[in-house]
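Scroll down for the structure; my scribbles are underneath it.
The values are calculated or read from the model by the stated rules, or taken from the named source; none is laboratory data. Just so we're clear, the structure is a prediction, and the values are computed from it rather than from any experiment. Because the Cβ atoms are built from the backbone with ideal geometry, glycine has one as well, and the counts that use them run over all protein chains shown.
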Amino acid sequence: MNLSHGLRRTQTILDRIVQVRSQKLACDKKIRSENQLLDQIKNTLEPCDFANVLLNGTYLTPKDSRIHLIAEIKRASPSKGDLNLSLDAPKQASQYCSAGVAAISILTEPDFFKGSIEDLSNVRQVIPDKHDRPGLLRKEFIWDSYQIIEARAFGADSLLLIVMLLEPLLLKELIQISRSIGMEPLVEIHDETELEIAINAGARIIGINNRDLRNFKEDLTIAERLIPLIPPNHIIVAESAIREFNDVERMIIAGADAILVGEALVKKELSTKIVQTFMGIEV
């Protein structure tokens, strides 16, 4: 059963998130118009090449890293509850950057993940202005072009598009809108059907979520099964269920170009060694 504007009813937590997020989105549009956001973009720095940093790392990425890391800023989640409500987004981002992460994912959803669009702009302010700096990913539930323009206006280099949430035509349209303002999106899948939809829509960066949003079950074999099915010339990101060095090893062996790690980082007292463990560096 379809929702309006190309959204799909999923029978998962996504439906509830979209319902709540729709109300906030309507308010956001009244506070800050799309034209205001477009004007704001004129005064922002150009986005970095997100695909390139995922493949090649940044100027601070250790030479002995074996996989590139998207480190996440997340205070809570529907599946795990509160993780770290006192997390300081710019401070965490600075530590990630110094450790050599390829990118930083910022949860901007306020009700279920306790994030904000201001977290994104605050993080951008502490990231060095270099062409090979860490990329910034807006992690959000996106189905409206306004959200894409907002992401760019607040400093994002990329954004998340969830195949489970979007009808194929809308997914293709959102990918094209993202590229038109300089952002290559991360398109998230969970199974073979969603992979085919992502490829047909023209996705270049494909994220494989090892968490089933229908029951929150986590299983690294999802990425291990799907990665061999992805054609060459795509960038592969393994997401979720990566908590220790052995999990990183499995994703390296499976053929992922990068991994996205949140919970295992935000719940720890951060150190460079801990962050670099998730780059395949054994310490």
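Computed values, structure above
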| item | result |
| --- | --- |
| Test: residue in segment 230-241 that is over 19 Å from the mean Cα position of the chain (by Cα) and closer than 19 Å to ARG66 by Cβ | no |
| Residue in segment 117-126 that is more than 20 Å from GLN276 (Cα to Cα), small (Gly, Ala, Ser) and within 16 Å of the chain's Cα centre (by Cα) present | yes |
| Count of segment 61-74 residues which are crowded, with 19+ Cβ neighbours inside 10 Å and in contact with a helix residue (DSSP H, G or I) (Cβ under 8 Å, 6 or more places away or on another chain) | 8 |
| Looking only at segment 256-283, and only at residues there that are surrounded by fewer than 20 Cβ atoms within 10 Å (Cβ to Cβ), in contact (Cβ under 8 Å) with a residue 12 or more places away in the chain and among the charged types (D, E, K, R), the one that is nearest to GLY135 (Cα to Cα) | GLU263 |
| Helices (runs of 4 or more DSSP H) (entirely within segment 7-58) containing at least 1 residues that are under 20 Å from the mean Cα position of the chain (by Cα) | 13-31, 50-56 |
| Output for segment 219-253, where each listed residue is of a type in the set (Gly, Ala, Ser) and either in contact with a Gly (Cβ under 8 Å, 6 or more places away or on another chain) or under 22 Å from ILE274 (Cα atoms) (or both) | ALA238, SER240, ALA241 |
| When residues of segment 142-183 are limited to those that are of a type in the set (Asp, Glu) and either crowded, with 23+ Cβ neighbours inside 10 Å or more than 20 Å from PHE50 (Cα to Cα) (or both), the one farthest from the chain's Cα centre (by Cα) | GLU167 |
| Among residues of segment 124-156, those that are of a type in the set (A, V, I, L, M), part of a helix (DSSP H, G or I) and over 23 Å from CYS27 (Cβ atoms), counted | 1 |
| Selection from segment 42-51 of residues that are in contact (Cβ under 8 Å) with a residue 40 or more places away in the chain and either among the charged types (D, E, K, R) or surrounded by fewer than 22 Cβ atoms within 10 Å (Cβ to Cβ) (or both) | THR44, LEU45, GLU46, PRO47, ASP49, ALA51 |
| Pairs, first under 21 Å from LEU229 (Cβ atoms) and surrounded by 15 or more Cβ atoms within 10 Å (Cβ to Cβ) in segment 240-255, second modelled with pLDDT under 95 and of a type in the set (Lys, Arg), C-beta under 8 Å, six or more apart | SER240/ARG211; ALA241/ARG211 |
| Conditions (1) touching a residue at least 60 places away in the same chain (Cβ under 8 Å); (2) over 25 Å from THR277 (Cβ atoms); (3) not in a helix (DSSP H, G or I): number failed by PHE216 | (2) |
| Selection status of LEU226, among the aliphatic types (A, V, I, L, M), in contact with a strand residue (DSSP E or B) (Cβ under 9 Å, 6 or more places away or on another chain) and farther than 22 Å from ALA103 by Cα | yes |
